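Participant: I have a structure here, written as structure tokens, and I will follow up with some questions on it.
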Amino acid sequence: MGLGEGFKFVVPGREPRAREDHTYQLAVVGGGPAGLTAAVYAASKNLDALLISKDIGGQTLLTSDIENYMGYQYVTGRELAAKFEEQVKKYPIDVAVGEEVVRVEPEGEVFSLTTSTGKTLRARAVIVATGKRSRPLGVPGERELVGRGVSYCAVCDAPLFPGKDVVVVGAGNSGATAVVDLLKIANRIYVVDVLPEWRADPVLVERILAAGEMVRTFFGHEVAEIKGESRVEGIVLKDRDSGEIRQLPVQGVFIEIGLIPNSEPVTGVAALNERGEIVVDCSCQTSVAGLFAAGDVTTVPEKQIIIAAGEGAKAALAAYAYLLGKGG
């Protein structure tokens, strides 16, 4: 099959479609800004493409206010994700939402993609744009109380804590953004971080400091335990210098300590760095010919929506050039 021949139009939002009896020219794994942009660019090149993802929007869905995406002075993460999805719907590609790819492996001239539901899909080239996921604390009580006061998404769950006392773990941009979201909702906000000061952008820190005593910081502290039976009732902190233990009575714990790259599908296949990110060159090519990666899951610095989208475009164009060199 030559480039641009033999594809079939499928509208996202209808029945998910991922043809097991078909070898695609390109499979795009991931539905965040990088994956969605890659899908649009692949379609613009008339590639026989599949977009497969567990959701549409990725980490964008967990972002509240976006003020630095070109073309929008202000847009919410969900609004921007909806715009991305709307644009993808205009193009003739197969889309399967709700399917998670757990393994990507080369098989001769093609790649096999195994999904969590046991499907095996095939494509001549693949773009991995699976993004990152929240990093857990790994302390007693955390797993047991997820969804019962423990949250990894202030944008999603802050409205559930009106007038409550809460803890935000993490003093980087994610933690500071969570605090800003909670300022309009919570009664008191405690901020905990193992480091001695804020690491967030000054504009965020200024907004937090302006809140005065509503926000209290515990820098140089670590979380030892999250307490509670059916719901969060408190948090145990340990001073890293003195070893002093203290307990704060709170009803919510927002964990914002960074992200883990979702690179497991290509672990042992493509080269990863020490942080588990997929190593790519300036054309989004991995260490395996025909396997590309884009967005937050890669070694590209500065994890921003606009950068991920640009990397998705690059990856699709690079995949197109690769397929062209292989005869389509």
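Bear in mind these aren't lab numbers, they're just calculated from the coordinates by the rules spelled out. It should be emphasised that the depicted structure is a prediction, and the values quoted were computed from it without experimental measurement. When we count neighbours, we look across all protein chains shown, and the Cβ atoms used for this are built from the backbone with ideal geometry, even at glycine.
Participant: Cα gyration tensor of the stretch 252-317, axes a ≥ b ≥ c as square roots of the eigenvalues: rounded (a/c below 1.5), prolate (a/b > b/c) or oblate? Show your work: numbers first, answer last.
Facilitator: Numbers: a/c = 2.61, a/b = 1.42, b/c = 1.84.
Because a/c hits 1.5 or more and a/b fails to exceed b/c, the stretch 252-317 counts as oblate.
Participant: Spelling out what I want: for every residue of the stretch 114-124, take phi, set θ = phi - 60°, compute 6.51 cos²θ - 1.76 cosθ + 1.60 (Karplus), and round to whole Hz; glycine and proline get x.
Facilitator: Ordered by residue, 3J(HN,Hα) equals 9, 9, 5, 9, x, 6, 10, 10, 9, 8, 7 Hz.
Participant: Classify the stretch 59-152 as rounded, prolate or oblate from the Cα gyration tensor: take a ≥ b ≥ c as the square roots of its eigenvalues, call it rounded if a/c is under 1.5, otherwise prolate when a/b beats b/c and oblate if not.
Facilitator: Details: a/c = 2.51, a/b = 1.17, b/c = 2.14.
In terms of gyration-tensor shape, oblate.
Participant: Sticking with this one: Tell me the angle of helix 77-88 to the major Cα principal axis of the chain, expressed in degrees between 0 and 90 and rounded to the nearest ten.
Facilitator: Relative to the chain, helix 77-88 is tipped by roughly 10 degrees.
Participant: Given charges of +1 on the Cβ of Lys and Arg and -1 on the Cβ of Asp and Glu, with all other atoms neutral, how large is the dipole of the chain about its Cα centre, in debye to the nearest 20?
Facilitator: Values: 34 positive and 42 negative charges, 126 e Å.
In total the dipole reaches around 600 debye.
Participant: Would you list, by chain and number, the aspartates and glutamates whose Cα falls below 12 Å from the Cα of Lys326, excluding same-chain residues fewer than 8 positions away?
Facilitator: Once the sequence-local aspartates and glutamates are set aside, what remains near Lys326 is Glu109.
Participant: May I ask which of Lys83/Lys184; Lys54/Lys238; Lys119/Lys227; Lys89/Lys164; Lys89/Lys184 have a Cα-Cα span longer than 32 Å here? Intermediate values should be presented prior to the final figure.
Facilitator: Working: Lys83/Lys184 27 Å; Lys54/Lys238 38 Å; Lys119/Lys227 41 Å; Lys89/Lys164 41 Å; Lys89/Lys184 36 Å.
Table pairs above 32 Å Cα-Cα are Lys54/Lys238; Lys119/Lys227; Lys89/Lys164; Lys89/Lys184.
Participant: Right, here's the next one. Once the other residues with Cβ under 14 Å from the Cβ of Asp193 are scored (Lys, Arg +1; Asp, Glu -1), what is the net sum? Each step should come with its number before you reach the end.
Facilitator: Details: positive: Arg135, Arg199, Arg216, Lys238, Arg240; negative: Glu197, Glu222, Asp239, Asp241, Glu256.
Here the count lands on 0.
Participant: Check the cysteines of the chain one by one and keep only those with no other cysteine Cβ under 4.7 Å from their own.
Facilitator: Cys282, Cys284
Participant: Please give me, ordered by residue number, the chymotrypsin sites (Phe, Trp or Tyr not before Pro) of the stretch 63-152 that lie in loop per DSSP and have at most 11 other Cβ atoms within 10 Å.
Facilitator: Numbers: sites: Tyr69, Tyr72, Tyr74, Phe84, Phe111, Tyr152; in loops: Tyr69, Tyr72, Tyr74, Tyr152.
Taking the stretch 63-152 and a limit of 11 other Cβ atoms within 10 Å, the loop chymotrypsin sites (Phe, Trp or Tyr not before Pro) found are Tyr74.
Participant: Turning to a different aspect of this structure: If one computes the Cα centroid of the stretch 165-216 and of the stretch 246-291, what distance in Å separates the two points?
Facilitator: Cα centroid to Cα centroid, the span is 25 Å.
Participant: Subtract the Cα-Cα distance of Glu206 and Val279 from 0.36 nm times their separation in residues, and report this length gain in nm to one decimal.
Facilitator: On the way: separation 73, 0.36 × 73 = 26.28 nm, distance 3.59 nm.
Gain on stretching Glu206 to Val279: 22.7 nm.
Participant: Can you tell me the 0 to 90 degree angle between the C-alpha axis of helix 173-183 and the longest principal axis of the chain, rounded to 10?
Facilitator: 60 degrees
Participant: In Å, what Kirkwood hydrodynamic radius results for the chain from the alpha-carbon pair distances?
Facilitator: 21.0 Å
Participant: Show me the ranking of peptides 261-269, 203-211 by mean Cβ neighbours inside 10 Å, starting with the highest.
Facilitator: Numbers: 261-269: 19.1, 203-211: 14.1.
Result, highest mean Cβ count within 10 Å first: 261-269, 203-211.
Participant: What does the C-alpha gyration tensor say about the overall shape of the stretch 143-255? Classify as rounded when a/c is under 1.5, otherwise prolate if a/b is larger than b/c, or oblate.
Facilitator: Working: a/c = 1.71, a/b = 1.08, b/c = 1.59.
It is oblate, given that a/c is not under 1.5 and a/b is not larger than b/c.
Participant: Based solely on its DSSP helices, what 222 nm [θ] is calculated for the chain when runs of n ≥ 4 H residues each add -39,500 (n - 2.57) and the sum is averaged over all residues, nearest 500 deg cm²/dmol?
Facilitator: On the way: 6 runs with 68 residues, N = 328.
Calculated from helices alone, the mean residue ellipticity at 222 nm is -6500 deg cm²/dmol.
Participant: Measure nothing but the geometry: give the 0 to 90° angle between the long axis through the Cα atoms of 305-325 and the longest principal axis through the Cα atoms of the chain, rounded to 10°.
Facilitator: So the inclination is approximately 20 degrees.
Participant: Hey, another quick one. In whole angstrom, how far apart do the alpha carbon centroids of the stretch 122-146 and the stretch 302-326 sit?
Facilitator: 22 Å
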